[in-house]
Amino acid sequence: MDNTSKSKFVLLTGGAGYIGSHTIIPLIESGYEVVVIDNLFNACKGEGEKPVSILQVEKLTGKQVTFYAIDLLDYILLSEVFDKHEFCCVIHFAGLKYSNESCNIPLNYYKVNVCGSINLFQVMMEHNVKRLVFSSSSTVYSEPHFLPITELHPVGQSLVNVYDKSKYYIEGIIQDLCNSDKEWFVIILRYFNSVGAHSSGTLGEDPNGTPSNLMPYVAQVAVGKIQSLNVFGKHCSTIDGTGVRDYIHIMDLAEGHVSALEKMQKSNDSGAIAINLSTGNGYSVLQVINMFSQVSKQEIKYEIVDCPNGYCDSSYCDASFAKEYLGWEAKRTLKEMCEDTWRWLSLYPQGFSTTT
Ligand code: WQD
């Protein structure tokens, strides 16, 4: 059965967000027609219908992006989008994404992430669109039993946060869907720590309110928006006692999605395949702070505090399967991640909220 489609239309759910908006750029550069649906929960509205992130992408690429402000939970409107366009594939980014808050509002996270995904898969099935790239997370590995983490590492064991569990449950739903219908071909991308911004400085991570992730937090200390940073950990079993993570530049991550899509277009594989998407290099919190300070020429004030309960000292991946199966590997360095983040924050210190 030949399930390679001739259509060049790709649907991005949550495509107005940080990872989705950056992914549109290499998709357009690769000749795809991009359609975005987003409920704008975590995106800045523009003057008209389209969010600012989409307007910026249109300026950068010189191409129009079709945009629908709809929610994945709205089955009727979602179905109408599939009536209008013949998609070759769906890249599913949409979801709530903060581990810390997810335990306080579990039903929101399960409704948006899990029920939203089920709605999407149902509509895809009804329109015979059975190729999917799913935005999953390294958090499904929970506390690593071994390093570097390969795709064979157990998943779903002693997950703490509802966000992490939601990603794990969706991966399970995808596996069951593929087992029930051999026409499905799904690439599950497990991101590690996505950071950075497009090199133009006109697109970047635009967290609503105080960021919870390290890089945007360090950037906001550097730009003077936040006084100082709490560095978790002084007794981790790492190079300097602070937590080690595998940071990947957002444009490497974006290009990894295009590689996954190209693989689907050329291949007659089926089923669900999980792939780590990161560099395979681990950097400590202090190494990130020092690099950011060097790049920005700003002092980054910080205080080292005790680790929260259940803290993971080190997490970094074995990225070899992505190279083998997708022919993709991350190229950009930690220095470039910091340089691009700094350029974005210098041009947009308040993010996009000042442009509306
Ligand atoms: C990085 C390092 C912190 C803030 C993320 C999220 C989620 C997931 C990847 C996709 C860690 C330390 C942080 C601060 C600090 N991605 N830190 N002070 O903790 O790996 O979690 O994993 O799903 O984005 O779950 O990433 O960027 O929050 O932290 O010392 O104020 O910086 O402990 O070692 P983390 P992070």
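Give me the percent of accessible area attributable to carbon and sulfur for region 9-353, probe 1.4 angstrom.
Here it works out to 49 percent.
How large is the convex hull of the Cα atoms of region 47-124 per residue, expressed in Å³ as a whole number?
131
Rolling a 1.4 angstrom probe over the protein chains, ignoring ligands and nucleic acids, what is the accessible area of GLU183 in square angstrom, nearest 10?
Result for GLU183: roughly 70 Å² accessible.
Roughly what % antiparallel, to the nearest 5, for the DSSP beta bridges in the chain?
5
What figure in square angstrom, to the nearest 10, would you give for the accessible area of ILE226 with a 1.4 Å probe?
The accessible area of ILE226 comes to roughly 30 Å².
Looking at region 4-93, which trypsin sites (Lys or Arg not before Pro) are DSSP coil and have at most 12 other C-beta atoms within 10 Å of their C-beta?
Here the trypsin sites (Lys or Arg not before Pro) that fit, given the DSSP loop and packing criteria, are LYS6.
Could you give log10 I(q)/I(0) at q = 0.12 Å⁻¹ for region 77-200, computed by the Debye formula over C-alpha point scatterers of equal weight, without solvent?
Computed log10 I(q)/I(0) values: -0.50.
State, to one decimal in nm², a quarter of the convex hull surface area for the C-alpha atoms of the chain, i.e. the direction-averaged projected area.
Computed as one quarter of the Cα hull surface, the answer is 16.6 nm².
Work out the length of the dipole vector of the chain about its Cα centre, built from +1 on the beta-carbon of each Lys and Arg and -1 on the beta-carbon of each Asp and Glu, and round it to the nearest 20 debye.
Charge dipole, the chain, about its Cα centre: 460 debye, nearest 20.
In terms of solvent-accessible area of protein heavy atoms at a 1.4 angstrom probe, what is the ranking of HIS198, HIS145, HIS22, highest value first?
HIS145, HIS198, HIS22
When all protein chains stay in place, what accessible area (Å², nearest 10, 1.4 Å probe) is found for TYR110?
Approximately 60 Å² of TYR110 is accessible to the 1.4 Å probe.
Evaluated at 10 °C with a viscosity of 1.306 mPa s, what Stokes-Einstein diffusion coefficient in µm²/s does region 184-334 have when Rh comes from the Kirkwood expression over alpha-carbon pairs?
Estimated diffusion coefficient is 94 µm²/s.
For all pairs of alpha-carbon atoms in region 166-238, what percent lies in each bin of width 10 Å, listed from the first bin to the last filled one?
Result returned by the calculation: 14, 28, 25, 22, 10, 1.
What aspartates and glutamates does LYS111 reach when the alpha-carbon gap must be under 15 Å and sequence neighbours fewer than 8 apart in one chain are set aside?
LYS111 reaches ASP71, ASP74, GLU101, ASP164.
If the viscosity is 1.306 mPa s and the temperature 10 °C, what Stokes-Einstein diffusion coefficient in µm²/s follows for region 272-356 when Rh is the Kirkwood radius over Cα pairs?
Value of D from the Cα-based Kirkwood radius: 100 µm²/s.
Largest first and in whole Å, what are the equivalent-ellipsoid semi-axes of region 1-147 based on the Cα gyration tensor, each being the root of 5 times an eigenvalue?
Values for region 1-147, descending: 24, 19, 17 Å.
Report, in degrees rounded to the nearest 10, the 0 to 90 angle that the Cα long axis of helix 250-266 makes with the longest principal axis of the chain.
20
Once both axes come from the Cα atoms, what is the angle between helix 18-29 and the longest principal axis of the chain, in degrees from 0 to 90, rounded to 10?
The helix 18-29 is inclined about 60 degrees to the chain.
Could you tell me which residue out of SER278, TYR302, ILE187 lies farthest along the dipole of region 9-353 toward its positive end? Charges go on the beta carbon: Lys and Arg +1, Asp and Glu -1, centred on the Cα centre.
Of the listed residues, the answer is TYR302.
Tell me the trypsin sites (Lys or Arg not before Pro) within region 298-356 that lie in a loop according to DSSP and have at most 11 other beta-carbon atoms within 10 Å.
The qualifying sites are LYS331.
Quick one: order LYS234, LYS165, LYS266, LYS130 from most to least accessible surface, probe 1.4 Å.
Result of the area sort, largest leading: LYS266, LYS234, LYS165, LYS130.
Counting only heavy atoms of the protein chains, get the accessible area per residue of the chain (1.4 Å probe) and round it to a whole Å² value.
In whole numbers, the chain has 42 Å² accessible per residue.
Along the Cα→Cβ direction, 7 angstrom out, place labels at GLU324 and LEU107. What is the inter-label distance in nm?
4.5
The values are calculated or read from the model by the stated rules, or taken from the named source; none is laboratory data. Owing to the predicted nature of the structure, the values given are computational and were not obtained by experimental measurement. Glycine also receives a Cβ, built like all others from the backbone with ideal geometry; neighbour counts cover every protein chain displayed. With ligands, DNA and RNA removed, areas are computed over all heavy atoms of the protein, side chains included. Shrake-Rupley method; radii C 1.70, N 1.55, O 1.52, S 1.80 Å.
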